[in-house]
1. Pairwise over distinct Cα atoms, reciprocal of the mean inverse distance: report the Kirkwood radius of the chain in Å, one decimal place.
2. For the chain, modelled as a GNM with alpha-carbon contacts under 10 angstrom, which of A68, A58, A80 fluctuates the most?
3. Sum up the lysine pairs in region 24-93 that clear both bars: alpha-carbon distance under 25 Å and a spacing of 8 or more or different chains.
4. What's the extension gain from L88 to K32 if we count 0.36 nm per residue and subtract their Cα-Cα distance?
5. Give the long-range amide H neighbours of R67: residues separated by 5 or more places, or on another chain, with amide H under 5 Å away, using H modelled in the peptide plane at 1.01 Å from N.
Amino acid sequence: MNQRFKASGLMNPMFPDEITFGEKGVTFKVRKALKSTDNFVFYNDISGVEIDSGVFFATIRIIPRMRAEIIMNNFTKGDARKVKELLLEKVQS
């Protein structure tokens, strides 16, 4: 499947967050100026997905079981909805 979504480069052009869908799970890459964090979560370990929409961009909040939530910033509203749909589809199957 290997679909990839990148956050908008408008707010953070050098270090956009990234979401990559794989066969068994999804990788969330949260980038900062001096470090980045890769979180791999199996689909069946995801208990919820929330979207906070602003005027132009959205924040995706992934709630895994037994871990801290993962927050991904500056995605377009369309990409955020698509990510949520894909995650919920994979979690239910």
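1. Values: mean 1/r = 0.0756 Å⁻¹.
This gives a value of 13.2 Å.
2. Judging by the Gaussian network model, the answer is A68.
3. 12
4. 17.4 nm
5. none
Only the coordinates and a few stated rules stand behind these numbers; no lab work does. Note that the coordinates shown come from a computational prediction; the quantities given were computed from them, not determined experimentally.
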